[in-house]
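First up is the structure itself, then whatever we jot down about it.
The values are calculated or read from the model by the stated rules, or taken from the named source; none is laboratory data. Just so we're clear, the structure is a prediction, and the values are computed from it rather than from any experiment. All Cβ positions, glycine included, derive from the backbone under ideal geometry; neighbour counts span all protein chains shown.
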Amino acid sequence: MTDQANLESDAGADTGGEVEAPMQARTPGTAHLLWTIVGRELRTVSRTRTFYLLAAALAAVVLGITWIGGGYTAGYLPTAVDLLTPLELLVPIVAVAFGYRAILADEQRGELDVLETYPVSPREIVLGVYAGRAVGLAAAIALPLAVAAVAIALTGDDTVAIYATHAGADSPVLFARFLVLTVLFGLVVLAVAIAISSLVSATRSALGLSVVALVALLVGFDLAIVYGLAEGILGDADLLYSLAISPLSAYRGLVLETTVVVATGTGPQVASPLASLAGLAAWTVGSLAVAIWGVRR
Amino acid sequence: MSEDTPSSDGTDRPATETETTETETETETETETQLGAESAPDRNPSANPNMSTNTPTTPSTDAESKSSDAETTQSDDVSDRPAVLEADDIDHAYGTVSVLENVSTTVDAGAVTALIGPNGSGKTTLLRVLAGLLEPTAGSVIYRGDAAARRIGYLPQQPAFRPGFTVLETLRFYSSLVGADEAETDAVDRLETVGLADAADRPVEALSGGMTRLVGIAQATIGDPPVVVLDEPASGLDPGMSRHVFEIASELAAEGTAVLLSSHDLALVDRTADEVAVLDEGRIVRQGPPATMRATLEVDSLRAVYEESVAADAGTVRVQGVTDE
C-alpha cells in the first residue's frame, strides 16, 4: 500500500494540494474526538431546560421524602431506606429522558450522516454521547442526594462521630455508598436508553420502546425471577446470582447488602455484590455495543 | 465526470467489490484491506464499505474502454483532469424499488460536476452513494484522491443543526473533528467564505432556511476535503445567494477540489458547471461539458438539453417502479 499512498500524495500535488496534504492526512486521535463530542453533549445538557426540570423534580422528590420521612433527623441509613424505593422508579425514568433522543435527534436532523464524512467512528460517537449525558445525569442524581446528606449532617439528632463502616453504626459512608450505587444504576439505564436511541428512526418509536424497556427493567425481570423460582427453574441457591441479571434487582441488592446489612450487622445475605456489579457492567457494555452497532447500521 | 458512462459491458465484476483503505491515526500510512459488505471499517471517513478508497497502481483503463448506453460528449481540457471518485456499475434499490441502475461515472478534481434530472430520478441517492453514505446494492465506488483527514464533504438536501448552539459553535465543533489547530479561526474563515460572518453568534435555530443551507455549505468544506458533495446547494436561496453559492463551488474547483452538486437551476448550472450529467429514471442518459452537449444537440440552452434528454412530461413526476416504461 506504500506505493498507493505515494500515488495519493502525487495526486494531491497535481491538484494543488502539495502544501495542505500533510495537514489533511493527519487524523485527530480518539481522545481528542471523544473530548470534542463529550463537550458538545455537556453543552447540550447544560442548555436544555427539560433536563433542569427533570433534575429539579428529582431533587424535590428526594428532599421532600427526606423532610417528610424525618430522615434528616433520623440519620443516614433511615434516609437511604426511605429513598430506595422511590429512586428505583424515578432514576430509570430520568435516565431514559436524558438518553432516549440523544442519537435519534442527530439522525433525524441528518447530522449523523454528516458526521460519517468526518474521521469519527460510531464507537467514538456513542461513547462521547454517553459520557456527556452521563455527566449531566450523574449531577442530576448526586446533587440532591448530597444536599440531603448535608441536611442530615447539620440537623441530625445524634452527631455521628464514626466515619467508617462499623457493624451496628450509622455512618455517612453508608449514605455515600447509596449515592454512588444510585448514580451507577442511573448510568446503566442511560446506556439502555442510548441503545434505544440508536435503533429507532422516529420519536414515537423511541418513546414506545422506552416505555417497553422501563416496564421490563422495573417489573419484567423481577417477575421473571419470581416465575423462575415458583416453577422451580431457579433454585434457592441460584437466587443471589439470578438477581444480578436484572439491573433493578442488582441495584437494590447492592444497596441492601452494602448499607443496611452492614449497618445492622445481622441478617442473611441478600445479594452477591460481585455478581450484581458484573450484571450492571454487562448491561452497560452490552447496551453501548448495541448502540454502536445501531449507529454503524 | 468526463469519461465514463452507464456501462453495460457485461463483465463478471463482483457485485460487492470492496477494496478499502483506512487512514491511520496521526500517520499518513495506508493499508489496503479487502472488506465484506457487512464489515464496515471502524474509523472510515468514507463509511460505505463498498466504497473503495485506494489509489490503484494502474489507471482505470478498463473504465475508459467501457461501452456506453448514454451519449457522452467530451472536450480535451476536462478529460485531462484526474478522477477523484469513480463509480462503477452502481445499482441501488430501496427494497424492491430500483432507484439506480448501472450507473458508472467519475468525479474529477478541479471541476464542478453537476447532476441534473427530474424529481425522483435518483439524484440524491446517487450523491449519497458517491459520498459513501449509502451502500450500493451492486457495483463499487473508488476513491482516488489524496490522503486526507476528511475525504468527502457533504451537504444534505435539508441541512439542520443541533439547536442550542450558535453558528460559530456549530462550525467550531466540526472543525475540531478534523483536528484543526485553530478551530475557532477555521470556523470564522468558513463563515466569511459563505458570507455569513455577521451571523456567527446567532443560534442555528434562529436561521432562515437559506442561511442554514449556507452554514451547511461551510460545514461541507471543513477539513478541505478533496471531494465536496452538495445536494441542491441553491435550493431556497434568493437569486443573488444562489449565484454566490455557485461561485463558491467554482472557487473550490479552482483550488483543485472535485465539486459534485445537484441542482434544478439549469441556468446557473449551464454557467458554472464544467461537467453535467443528466440523470433520468436511475440512469445517466447524457453527460459531458454543457457547451459540448448544447452543440451536439444543436440547442442553445442546457434547459433544451434537459428537455431532450428526460422522458418525463413537464408537470409529471415519473415514479420509478410505478410509472409505465
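I'm checking my understanding of the structure. Among residues of the stretch B:65-85 that are part of a strand (DSSP E or B) and surrounded by 22 or more Cβ atoms within 10 Å (Cβ to Cβ), which one is modelled with the highest pLDDT? This residue is B:LEU85. Inside the stretch A:104-157, residues that are surrounded by fewer than 24 Cβ atoms within 10 Å (Cβ to Cβ) and of a type in the set (Lys, Arg) make up a count of 2. Screening B:ALA253 with (1) over 29 Å from B:ALA83 (Cα atoms); (2) in contact (Cβ under 8 Å) with a residue 40 or more places away in the chain; (3) buried (at least 20 other Cβ atoms within 10 Å of the Cβ) gives one miss only, at (1).
For A:SER201, are the conditions met, namely being within 23 Å of the chain's Cα centre (by Cα) and assigned to a helix (DSSP H, G or I)? Considered against the rule, which asks whether it is within 23 Å of the chain's Cα centre (by Cα) and assigned to a helix (DSSP H, G or I), A:SER201 comes out as no.
The residues listed here are A:VAL81, A:VAL91, A:VAL61; of these, the one that is surrounded by 16 or more Cβ atoms within 10 Å (Cβ to Cβ) and under 18 Å from the mean Cα position of the chain (by Cα) is A:VAL91. Where helices (runs of 4 or more DSSP H) fall entirely within the stretch A:221-260, those with at least 3 residues that are touching an Asp or Glu at 6+ places or on another chain (Cβ under 8 Å) are at A:247-255. Here are some residues: A:VAL226, A:VAL261. Which one is modelled with pLDDT under 90, under 27 Å from A:LEU174 (Cα atoms) and out of contact with any strand residue (DSSP E or B) (no Cβ under 6 Å at 6 or more places or on another chain)? A:VAL261 is the lone residue from the list that is modelled with pLDDT under 90, under 27 Å from A:LEU174 (Cα atoms) and out of contact with any strand residue (DSSP E or B) (no Cβ under 6 Å at 6 or more places or on another chain).
Quick one: in the stretch A:81-131, which of the residues that are outside any helix (DSSP H, G or I) and touching a Lys or Arg at 6+ places or on another chain (Cβ under 8 Å) is farthest from the other protein chains (Cβ to nearest Cβ)? Checked the stretch A:81-131; the qualifying residue farthest from the other protein chains (Cβ to nearest Cβ) is A:ALA102. Exactly one residue out of A:ALA291, A:ALA275, A:ALA244 is in contact with a helix residue (DSSP H, G or I) (Cβ under 8 Å, 6 or more places away or on another chain) and surrounded by fewer than 21 Cβ atoms within 10 Å (Cβ to Cβ), and it is A:ALA275. On the stretch given as the stretch B:140-185, residues that are under 28 Å from B:GLY209 (Cα atoms), of a type in the set (Gly, Ala, Ser) and in contact with a strand residue (DSSP E or B) (Cβ under 6 Å, 6 or more places away or on another chain) total 1. Checking every residue in the stretch A:213-224 against the condition of being crowded, with 19+ Cβ neighbours inside 10 Å and not hydrophobic (A, V, I, L, M, F, W, C) gives zero matches. With respect to the stated conditions, B:THR212 fails to be β-branched (Val, Ile, Thr), surrounded by fewer than 24 Cβ atoms within 10 Å (Cβ to Cβ), part of a helix (DSSP H, G or I) and at pLDDT below 90.
Consider the stretch A:29-48 and keep the residues that are farther than 30 Å from A:PHE175 by Cβ and out of contact with any helix residue (DSSP H, G or I) (no Cβ under 7 Å at 6 or more places or on another chain). The one that is surrounded by the fewest Cβ atoms within 10 Å (Cβ to Cβ) is A:ALA31.
As a summary of the residue check, B:THR323 satisfies the conditions (1) within 26 Å of B:HIS92 (Cβ to Cβ); (2) among the polar types (S, T, N, Q); (3) at pLDDT 90 or above except for the one numbered (3).
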